[in-house]
1. Tell me which of these Glu133 doesn't satisfy, since it passes every other one: (1) without any contact (Cβ under 8 Å) to a residue 12 or more places away in the chain; (2) in a helix (DSSP H, G or I).
2. When you look at Ser49, is it polar (S, T, N, Q) and closer than 23 Å to Ser105 by Cα, yes or no?
3. Just to be sure, is Thr226 assigned to a loop (DSSP other than H, G, I, E, B), not basic (Lys, Arg) and not assigned by TED's automatic domain parsing to the domain that holds Gln335?
4. In segment 186-213, which residue that is among the β-branched types (Val, Ile, Thr) and in a helix (DSSP H, G or I) is surrounded by the most Cβ atoms within 10 Å (Cβ to Cβ)?
5. Does Phe278 satisfy the criteria of being in contact with a strand residue (DSSP E or B) (Cβ under 7 Å, 6 or more places away or on another chain) and aromatic (Phe, Trp, Tyr)?
6. Say we look at segment 102-120 and pick out the residues that are free of Cβ contacts under 8 Å to residues at least 40 places away in the same chain and touching a helix residue (DSSP H, G or I) at 6+ places or on another chain (Cβ under 7 Å); which of these is surrounded by the most Cβ atoms within 10 Å (Cβ to Cβ)?
7. Quick check on my filter: what residues within segment 233-255 are surrounded by 18 or more Cβ atoms within 10 Å (Cβ to Cβ) and in a helix (DSSP H, G or I)?
8. Could you list all residues from segment 285-316 that are on the phi > 0 side of the Ramachandran plot and without any contact (Cβ under 8 Å) to a residue 12 or more places away in the chain?
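The values are calculated or read from the model by the stated rules, or taken from the named source; none is laboratory data. Small disclaimer: the values here were computed from a predicted structure and weren't measured. No Cβ is skipped: glycine too gets one built from the backbone with ideal geometry, and neighbour counts run over all protein chains shown.
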Amino acid sequence: MSKPKRLGVSILAVLLALSIALTGCGSKSTETKATDSTQSTAKEILIGSIHPMTGSMAYEGTAITNAEQIAVEAINAAGGIKSLGGAKIKLLVGDSQGLPDKAASEAQRLIREGAVALTGTYTSSSAVTATQEAEKVQVPFVITVAATTNIMQRGFKYSFRIQPNADAFCEDFLSYMKALKTPDIKTVALVHENSLFGTYFADYVKKNIDKAGLTVIGTIPYAANTGTLDSEVTKLSGLKPDLVVGTGYYQDQSLLMKTIKSRNLKFKGIVGIANGAFSDPKLIKDLGQDAEGIMDVNYRWNPKNSKTDQVLKNYQTKFNATMSSHAMYGYTAIQVIADALERAKSTDKVQLRDALASTNFTNHILPQGAIKFDDKGENINAAAVLLQIQNGKQVIVYPEQFAQAKPIFPTPK
């Protein structure tokens, strides 16, 4: 071979070797980049929270969001999501203002900002729209508080609810009243806010009241943002029911009680169903002695769980307030999502959804067994308890398994 030919072959060989080397470096660089990207996303996991932070329901929405925040802090302090390299959770807060359209737009915004899961919304009408937005793009949504049953009857695969639904609440109410009522308690008046939430409860109780051996003699709806309930209480006074049964939010149902007490009206019992005021410690401060004896069929924490006191203490210390029942479900929603992230070992929305669907979570402080979801996303072990204000405190009086005191019923006049 001539010298020029040998030189050409040598140069070709060098170029080929260099090309192979560069290709190998390129592949390695790509792999490193992908690994770095995975590690980067695992450093912080975004969860969106959609609740009313302003408007007439800001008190309740803020309480739920605060409880979510202490759950996030507890998880992060314990090492974060260990299967994702100790990734820390960050809460993105949205303000629904208690409005369905706003809840939907906040869901869209939080998803755009990178939330891998959403929670919310306190009102049933907002839960309908927010879960719909999440379902469109397959982002898991864990409902904190929103009871209306049909929210979970739309065939959605990415929505999950921990609390009892409206049917379960009402059935528990009917069961508890049947067990506790005395022969002189016969009639009921329903006083409820007139949105999807309150109307569903009132309709269900009216349809099934015979299960409790009672009779509904009147239904009094009103707008949740009302500034007065004078005419409604006048109507209530005229009906003279044995029991007043209320469903609504804090502002309106506390206003109902203040108006009743201002007129010195007496009933054999005042009972809430999923009532935003009757199970809230703020009501005791607002009404004082007039709050005594009020009952509510609602969700609650388990007072006999050894972990409960620490959670309540953490909330009290951080926010200088007593944790409410609905706030507890914000706390639990974050726990459930964190558990699913740990088992999924991924923030991929499909894998996270599948992990949520297979939840069997026992490390909670609710008065129930393990949190498990059926094919509709409902917690199959969810249950409400009967609470009563006694000696300035809200205590569970039924069922006996979780009871802190015996019920005082009928209420002494």
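1. That leaves (1) as the condition not met.
2. Values: polar (S, T, N, Q): yes; closer than 23 Å to Ser105 by Cα: yes.
In short, yes.
3. Numbers: assigned to a loop (DSSP other than H, G, I, E, B): yes; not basic (Lys, Arg): yes; not assigned by TED's automatic domain parsing to the domain that holds Gln335: yes.
Judged against the criteria, Thr226 is a match.
4. Of everything passing the filter in segment 186-213, Val205 is surrounded by the most Cβ atoms within 10 Å (Cβ to Cβ).
5. yes
6. Narrowing segment 102-120 to residues free of Cβ contacts under 8 Å to residues at least 40 places away in the same chain: 102, 104-105, 108-109, 112.
Restricting the remaining residues to those that are touching a helix residue (DSSP H, G or I) at 6+ places or on another chain (Cβ under 7 Å) gives 104, 108.
Working: Ala104: 21, Gln108: 16.
If we take residues in segment 102-120 being free of Cβ contacts under 8 Å to residues at least 40 places away in the same chain and touching a helix residue (DSSP H, G or I) at 6+ places or on another chain (Cβ under 7 Å), then Ala104 is surrounded by the most Cβ atoms within 10 Å (Cβ to Cβ).
7. First, pick out the residues of segment 233-255 that are surrounded by 18 or more Cβ atoms within 10 Å (Cβ to Cβ): 233, 236, 241-255.
Of everything in segment 233-255, those that are surrounded by 18 or more Cβ atoms within 10 Å (Cβ to Cβ) and in a helix (DSSP H, G or I) turn out to be Val233, Leu236, Tyr250, Gln251, Asp252, Gln253, Ser254, Leu255.
8. Within segment 285-316, Gly288 is the sole residue that qualifies.
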